[in-house]
1. Using Cα-only point scatterers and the Debye equation, what is log10 of I(q)/I(0) for region 83-213 at each q in 0.11, 0.18, 0.21, 0.23 Å⁻¹, rounded to two decimals?
2. Set Lys and Arg Cβ to +1 and Asp and Glu Cβ to -1, take the dipole of the chain about its Cα centre, and tell me which of G141, G509, A335 lies farthest positive.
3. Along the charge dipole of the chain, which of Y278, A128, I201 sits closest to the positive end, that is, farthest toward it, with unit charges on the beta carbon of Lys, Arg, Asp and Glu (+1, +1, -1, -1)?
4. How large, in Å, is the chain by the Kirkwood hydrodynamic radius built from its alpha-carbon pairs?
5. Let's test the formula: R0 of 45 Å, r as the Cβ-Cβ distance of I245 and T392. What FRET efficiency results, to the nearest 0.05?
6. What are the DSSP H helices in the chain that stretch 30 Å or more along their long axis, judged by alpha-carbon atoms, and whose average Kyte-Doolittle hydropathy comes to at least -1.0?
7. How far apart, in nanometres, would the label points at C502 and N54 be if each is projected 7 angstrom from Cα along the Cα-to-Cβ direction?
8. Roughly how many whole Å is it from the C-alpha centroid of region 367-398 to that of region 460-502?
Amino acid sequence: MIEFIAQNMAPIMFASLIIFLLIGYPVAFSLAANGLLFFFIGVLVSPYSGGSINLAWPLLHALPDNFYGTRVMSNDTLLAIPFFTFMGIVLERSGMAEDLLDTIGQLFGPIRGGLAYAVIFVGALLAATTGVVAASVIAMGLISLPIMLRYGYDRRLAAGVIAASGTLAQIIPPSLVLIVLADQLGRSVGDMYAGALIPGIVLTGIYMLYILIMSIVRPNSMPALPLEARTLGHGVLSLIVALLIAGAISYGAYRYLAPTQGDNADILGFAVGVIVIYVAAIVDQRLRINMMSKLAQQVVIVLIPPLALIFLVLGTIFLGIATPTEGGAMGSVGALIMAAAKGRLTLDVVKQALASTTRLSSFVLFILIGARVFSLTFYGVNGHIWVEHLLTSLPGGETGFLIGVNILVFVLAFFLDFFELAFIIVPLLAPAADKLGIDLIWFGVLLGVNMQTSFMHPPFGFALFYLRSVAARVPYLDRITGKQIAPVSTGQIYWGAVPFVCIQVIMIGLTIAFPQMVMRYKGAAVEPSTIDLKLPDMPSLSPLGTPPANNGAAPANGGAPAAPGTPDLSQPPSFGDAPAKPAAPAPDLSQPPKFN
């Protein structure tokens, strides 16, 4: 029995961790306690393991180095987490989500499903500025859900759209989970952001495609806004003209900057066009020139600041100007400036943001410390080899591995948070993926899309809990129409999330089928045949493949004369004329030699 336990310590240890978590113990303490318990057991039974357990009491001395080394306390990459968390909470308190939802809702209001489109669009923008799922879901639940219920939206559809669009903060940079995945996979956060950008945009487009299909199949489930609700009036044509002018200015700036700025000219040209149209809208509104419609003015003025913040954070990272940590610091400063510009930067807002940031950062830190304790023991019992052999032996090679791993993560996401999945599961999967030759950035983005479902799984999805906390539980009177609005049940929230979970599963398949969506982070491939190598000129030597020259003299063996000015390589080198020496007298051989 002891031999069996000793030789199967790794699977027993992993199964016991799952039991600890299912019982309900906190993740950080479950990891640490499980690691220490099995370390003690492993040391005792190691003589019976046949060499499969490499644990000894002095190995515990490695824990302080693991805690204070580059993996936890001295990890500069993880500094980006508190920065982006602080930025997201300040922006949520600044009222940016409310302004965006109101303005974009007015823009899409005349079409069926307009409010749903607006929620998805604003969810993507909030994801690219905050990176915090809770802030996005709560803000949109408080602001847009009452409006959607007021104008007759289906409750399940409204709840599903809000929860799903809030989870876009999981995959669209600057996502917190992408930072953790990059750290656990040993890859650059900037590369992870670049790889996740296109899948995040594609997922947003699929959400909108679903709304379009539902608006055709069930038009009564998402009516257009009535005319009296469109307080900004018409003016879409004015907005289109303004965007065309901004595009022309951006193109002109790009052509002007291309000779000097190279690959960065397109981003800089776009920035010039955006700044010009933003200044024009503010001047038009303040001076009441009315070159633009009221709707166009509001859309430009409300939309540009978050876009500028996105450029400040992601643009500087992609251009190589700033690291993700520096980008997060600049984003925090930008969020404070935006809140101050709206007059909503108060001491209470800063206190709430700092308190929430401290809680989340401590939560991540304690899980990471627990994971270090667990991994020390798990690696000591060769658990990584057990997992690697288990995964690499799956049928189907690379494709079978990817399918099996994604099914495992999808099932575990019913019970575990994305942080827990990232710290517990990913370090076990990464070596096997690397051994199969899978690009770890692609693998990380694939896991990020999969972990996104952990927020939407009924009944444990955190996004569903966030929405449940702000959705109406009892009937209430609408303050605009005066009508009584029925509450939103928990069942409606759960059923509304199911179609979007299916969409996320489809997105996992698309990411596997079309890896170039992610692999573009490497840039364009270089064709070897186009590489032109030029050697520097060497005037003192004859060209390769030509006979040696001899300074214009005829060659010794009757060949062609050498080119003038080139050395004669057929003769030994001459180092100049040596000084003449006096000739020695000839010896007199008729006399005996003298030795004095």
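1. Relative scattering, expressed as log10 I(q)/I(0), comes to -0.37, -0.91, -1.16, -1.33.
2. G141
3. Result: Y278, furthest along the dipole toward the positive end.
4. Hydrodynamic radius (Kirkwood, Cα pairs) of the chain is 28.5 Å.
5. On the way: r = 57 Å, r/R0 = 1.26.
Here the calculated transfer efficiency is 0.20.
6. Numbers: long enough: 189-217 (41 Å, 1.79); 236-261 (36 Å, 1.28); 265-287 (33 Å, 1.72); 347-380 (49 Å, 1.11); 490-513 (35 Å, 1.51).
Membrane-span-like by this rule: 189-217, 236-261, 265-287, 347-380, 490-513.
7. 4.9
8. Comparing the Cα centres of region 367-398 and region 460-502, I get a distance of 41 Å.
The values are calculated or read from the model by the stated rules, or taken from the named source; none is laboratory data. These numbers were taken from a predicted model, which means no experiment stands behind them. Neighbour counts are summed over all protein chains in view; Cβ atoms, including those assigned to glycine, are modelled from backbone coordinates with ideal geometry. Please note that ligands, DNA and RNA were not included when accessible areas were found on the heavy atoms of the full protein model with its side chains. Shrake-Rupley method; radii C 1.70, N 1.55, O 1.52, S 1.80 Å.
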